[in-house]
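Below is one structure, written out as structure tokens; the observations come after it.
The values are calculated or read from the model by the stated rules, or taken from the named source; none is laboratory data. On a predicted model such as this, the values are computed, not experimentally measured, just so you know. Here the Cβ positions follow ideal geometry from the backbone for every residue, glycine too, while neighbour counts run over all protein chains shown.
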Amino acid sequence: MTLTRRESLRSMVAGSLMLPAIVQSCLADAGDSLAPRQPHFPGRAKRVIFLFCNGGVSHVETFDPKPKLVQAGREGRKAPNGRGYLAPLWDFKADSRCGTEVSDLFPNLRKSMDDICLIRSMFGDHNDHTQATLGIHTGSVTFARPSMGSWVSYGLGTENRNLPSFVVIAPSLPYSGAQAWSSDFLPGIHSGTLVTPGADPVPNLARRAPTADLQRMELDLLSRFNRKHAAARPADPQLAARIKSFETAFGMQMEMPEVLDLSKETDATHKLYGLERGSTKGFAWQCLVGRRLAERGVRFVELIDTGASNNWDAHGDMKTHEPLARNIDQPIHALLTDLKSRGMLDDTLVVWTSEFGRTPWPDSPKGRSHYATVFSSWLAGGGIKPGIVYGASDEMGAKIAQDPVHVHDFHATILHCLGFDHKRLTFRHAGRDFRLTDVHGEVVMPILA
């Protein structure tokens with residue numbers, strides 16, 4: 001019986017979600033979009049670690065102290081919209097030379113403020129979780145667009161062909177689902193690869209062939225099938241992306257098990273991150289694996305804290321911020337400390353944000369609603385001026401009082417640190433040139449080192 005191409009492939013990789021192959025001739029025919037590239041100008045950052053807290057972190061409870069809001073809430077004063085103010089629950093103090101105040105929710109992270117540029121004047125375009133999450137990831141709250149990680153992968157290529165150029169570590173999907181790391185109309189090879197904390201972070205990672213010789217024989221056969229199939233379809237981008245993903249999957253089988261094996265990390269490193277030896281869950285695990293991916297050449301690593309449930313969406317009670325903050329406080333401080341001690345913070349851009357902030361007035365007696373009018377984000381390393389605060393909200397945390405930073409400006413600044421003119425990093429699709437910042441965005445020059 002003569003097997004079809006599909007049947008032959010299925011027989012070799014039955015039960016696997018990863019189809020390993022080496023198909024260099026197909027890559028040459030299709031063009032190698034993962035080859036390392038030079039940016040428009042020398043960038044201070046070579047890679048990004050993007051920390052995203054899903055659900056809407058309250059800026060007035062974390063990074064933006066408002067003594068007058070505390071007083072107004074306790075006195076029962078009302079906002080111009082007729083709603084009574086809600087006093088923040090946690091005190092703020094400084095624990096670094098620069099004097100930047102951070103709330104008691106983050107007693108460890110505030111020790112790192114000498115390395116951080118805190119932006120207290122961020123704003124976005126939408127108060128809905130899904131749209132705002134898309135906005136902070138893709139620059140668009142209305143249409144599907146490539147994620148920032150995909151743009152970085154597309155612009156820089158990869159330094160390590162055995163690992164994806166864009167990796168997402170998340171315990172579950174955020175509000176926008178996988179669209180947050182989709183490449184959309186960019187070549188599919190630039191989509192984020194999901195790693196899920198737990199006993200099986202990457203399904204089917206173990207090689208199925210019992211010997212290297214047998215696996216080589218299978219790969220050679222698959223390569224011949226792919227060459228023949230691709231030759232008849234030279235302009236099929238989806239096919240090219242699929243073939244390239246086979247190569248990346250094979251490389252992951254070679255290198256990813258070592259990345260995920262933390263047994264050789266010292267006891268001191270585990271203690272720094274607050275990670276129990278042998279544990280494969282929690283934000284501490286995500287941060288340590290993120291550092292290991294970054295030092296092995298992955299261009300964009302996104303660490304997502306929580307999914308679409310049990311997250312920072314504190315409509316009912318702001319006290320729910322407390323256990324969530326406890327989960328990320330020490331690991332993020334440890335990540336910055338670890339990168340700095342290894343000499344990596346100079347060329348690694350670390351970014352923290354949520355999709356929006358929360359209202360200065362209550363949504364329920366003890367909770368706050370979504371608020372994209374003003375919120376806080378921060379950056380560290382890779383070309384960013386350390387130990388400063390940029391922008392300000394008004395005395396109640398309700399409006400921007402100084403130096404507004406739109407999400408497009410945020411993205412433009414991140415790309416600038418990597419060496420890109422955000423107006424020139426484009427991709428032709430549907431008759432026009434698209435970019436991460438659409439037709440907007442200005443680099444926030446005062447925060448650059």
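Just a few scattered comments:
- Pair list, Cβ < 8 Å and 6+ apart or interchain, from the stretch 364-381 residues that are touching a residue at least 40 places away in the same chain (Cβ under 8 Å) and β-branched (Val, Ile, Thr) to residues that are surrounded by fewer than 21 Cβ atoms within 10 Å (Cβ to Cβ) and not in a loop (DSSP other than H, G, I, E, B): Thr373/Ile400; Val374/Ile400
- Per the listing Arg326, Arg342, Arg299, Arg277, the residue uniquely surrounded by 16 or more Cβ atoms within 10 Å (Cβ to Cβ), of a type in the set (Lys, Arg) and at negative phi is Arg299.
- Breaking point among (1) closer than 25 Å to Asn311 by Cα; (2) buried (at least 22 other Cβ atoms within 10 Å of the Cβ), for Arg47: (1)
- Filter result for the condition that a residue is modelled with pLDDT of 95 or more, buried (at least 21 other Cβ atoms within 10 Å of the Cβ) and in contact with a Lys or Arg (Cβ under 9 Å, 6 or more places away or on another chain), over Leu109, Leu105, Leu186, Leu118: Leu105
- If the condition is being in a helix (DSSP H, G or I) and closer than 19 Å to Ile400 by Cα, then the stretch 61-75 contributes Glu61, Pro67, Lys68, Leu69, Val70, Ala72.
- All positions within the stretch 292-314 that are modelled with pLDDT of 95 or more, farther than 18 Å from Met252 by Cβ and under 15 Å from the mean Cα position of the chain (by Cα): Leu303, Ile304, Asp305
- Long-range neighbours under 6 Å by Cβ, at least six apart or interchain, first residue free of Cβ contacts under 8 Å to residues at least 24 places away in the same chain and in a loop (DSSP other than H, G, I, E, B) within the stretch 76-99, second exposed (fewer than 14 other Cβ atoms within 10 Å of the Cβ) and of a type outside the set (Gly, Ala, Ser): Ala87/Arg74
- Odd one out for Tyr85 among (1) in contact with a Phe, Trp or Tyr (Cβ under 6 Å, 6 or more places away or on another chain); (2) farther than 15 Å from Thr359 by Cβ; (3) of a type in the set (Phe, Trp, Tyr): (2)
- Number of the condition not met by Tyr371 [criteria: (1) surrounded by 19 or more Cβ atoms within 10 Å (Cβ to Cβ); (2) out of contact with any helix residue (DSSP H, G or I) (no Cβ under 7 Å at 6 or more places or on another chain); (3) at positive phi]: (3)
- Criterion applied to Ile304, Ile332 was being farther than 28 Å from Ala206 by Cα and surrounded by 22 or more Cβ atoms within 10 Å (Cβ to Cβ), and the one residue passing it is Ile332.
- A single member of Leu194, Leu205, Leu156 is more than 14 Å from the chain's Cα centre (by Cα), modelled with pLDDT of 95 or more and on the phi < 0 side of the Ramachandran plot, and it is Leu156.
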